[in-house]
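Below is one structure, written out as structure tokens; comments come after it.
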Amino acid sequence: MLPRSLLGRSLLILLIPLLVTQAISLELFYGSHLNVVSRRLSGAVASEITQTLLLMDRMHKKSDRDWIMQIAASQFQLGMTIRPHMRLLHLGSTNVLGPMDEDLAAALKQIGRPFSVDWISDPHTVNIHIQMEDGILDISAPRKRLDVGPIWLFVAWVAGSALLLFIIAALFMRNQVRAIRRLARAAEAFGMGRDPGPIRPEGAQEVRKAASAFNRMQERILRFVAQRTAMLAGVSHDLRTPLTRMRLTLAMLPQAGQVDAALLVPDIGGMVSDVDEMDRMIEGYLSFARGEGAEQAEAVNLPVMLEEVAASARRAGAEILAVSAPPMRDVMLRPGAIRRVLANLLENARRHGGRAMLTAVADARAVVLLVDDDGPGVADDRREQVFRAFESGEGGGTGLGLTIARDIIHAHGGDIRLERSPLGGLRVRIRLPF
């Protein structure tokens, strides 16, 4: 029975409390204030009629009664005439919208005489007929003395204000739902393989955050696909060279007769070297493709981790000048992945520079890791390019180290960028949120 769309359900959530509130206000006004005022007005008119009847019962002369009716007309605004020797044929009151007909009938019953009330014949006058001993007293009372006001006007005001508020709310809600629909269409198109491009965040704060998160997710997925595509192309390109060398070596081996094994040592050594090179490249490709997604995040004492990484780098031959990490609260990290990033950066510093320094600085929201070396550095126009797969494969590397590092840091919600180091070489700045 409920609407299926978010807009319909949101409008229903707005409409039902609005209608309930208006119904309560209508009941409070109609059931208390309007009834009280109507009873008081009817009681006042009935009291004036009662006073007039009492005077007429005491004064039977026509001149006295005419004087009494003149006083009622001038003082009470009640027009009165007497129809002598007449009897009421119909008793009771006609029904109109509102409590005034019932309240007037209840007040006239206190007089103790038969009566009838006509609310319909004249829109401006209420005709009251009271049975007297010698005839019928016709009374014309102004309707404004008995009618508080058109009840339909109040009902129309209540309904109109509710409708106006509902329309305004519907316009605002439609704008909010439009942003959600745009996000849903973009997600569906991206899931079907089409690139809708980044969507413009708009609407409520939560919807803007969802749109920004979708844009970041789309960017990461596209970068992931591009990197994996480039990796496959690099695999075929890089493996072709050692395979070609091995094929040529095998083709040049003697196919018949006796062969001195000593003569084959250089060829076999070359093929073993090619196999080692291929194994190293394949391991790098598998590490890049495998990523670190299976590892669970845990609270890590970062200063202790930096000391351990520096100790491992020293054993590998790196010269670590200093490790500066003041005491700080634990950081939620995937420790194996971060160790791999830092080890890779220190290995790059060892190959290209020789000396390196590790620094950690924390603030209220994030911790910043700095890896400095005294090597040749990276030119400003190449600092973004070296993060691409196979872009920085110098010194025997595969060119995937910085690419893997950026993937890991981005997976932690952080950022990594290259700067000029105070040591004269390259500084790698890593920002990780707490």
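The values are calculated or read from the model by the stated rules, or taken from the named source; none is laboratory data. Only a predicted model underlies this, so the values are computations on that prediction, with no experimental measurement involved. Cβ coordinates were reconstructed from backbone atoms using ideal geometry, including for glycine residues, and neighbour counts include every protein chain displayed. Surface accessibility is based on the protein's heavy atoms, side chains included, excluding ligands, DNA and RNA. Shrake-Rupley method; radii C 1.70, N 1.55, O 1.52, S 1.80 Å.
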| query | Given the conditions (1) of a type in the set (S, T, N, Q); (2) at pLDDT 80 or above; (3) open to solvent by 40 Å² or more (accessible area, probe 1.4 Å), and given that Ser25 satisfies all but one, which numbered condition is not satisfied? | reply | (2)
| message | Testing Ala360 on (1) part of a strand (DSSP E or B); (2) open to solvent by 40 Å² or more (accessible area, probe 1.4 Å); (3) touching a residue at least 40 places away in the same chain (Cβ under 8 Å), one condition comes back false. Which one is that? | response | (2)
| message | List the residue pairs whose Cβ atoms are under 8 Å apart, where the first residue sits in the stretch 15-34 and is within 17 Å of Met100 (Cα to Cα), the second is part of a helix (DSSP H, G or I), and the two are 6 or more positions apart or on different chains. | response | Leu26/Phe154; Leu26/Val155; Leu26/Val158; Phe29/Phe154; Tyr30/Ile151; Tyr30/Phe154; Leu34/Ile151
| query | Can you name every residue in the stretch 156-179 that is within 14 Å of Gly8 (Cα to Cα), surrounded by 14 or more Cβ atoms within 10 Å (Cβ to Cβ) and within 16 Å of the chain's Cα centre (by Cα)? | reply | Met173, Gln176, Val177, Arg178
| said: Would you confirm, using the coordinates I've provided, whether Arg388 is open to solvent by 60 Å² or more (accessible area, probe 1.4 Å), within 20 Å of Leu306 (Cα to Cα) and either more than 38 Å from the chain's Cα centre (by Cα) or at pLDDT below 80 (or both)? | reply: no
| message | Restricting to the stretch 332-357, give me the number of residues that are assigned to a strand (DSSP E or B), open to solvent by less than 40 Å² (accessible area, probe 1.4 Å) and more than 17 Å from Leu423 (Cα to Cα). | response | 1
| Top-ranked residue in the stretch 67-88 [being over 25 Å from His124 (Cβ atoms) and of a type outside the set (Lys, Arg); ranked as surrounded by the fewest Cβ atoms within 10 Å (Cβ to Cβ)] | His85
| Condition met for Val45 (surrounded by 13 or more Cβ atoms within 10 Å (Cβ to Cβ), modelled with pLDDT of 90 or more and not acidic (Asp, Glu)) | yes
| note | The condition from (1) at pLDDT 75 or above; (2) assigned to a helix (DSSP H, G or I); (3) aliphatic (A, V, I, L, M) that Ala299 misses is numbered (2)
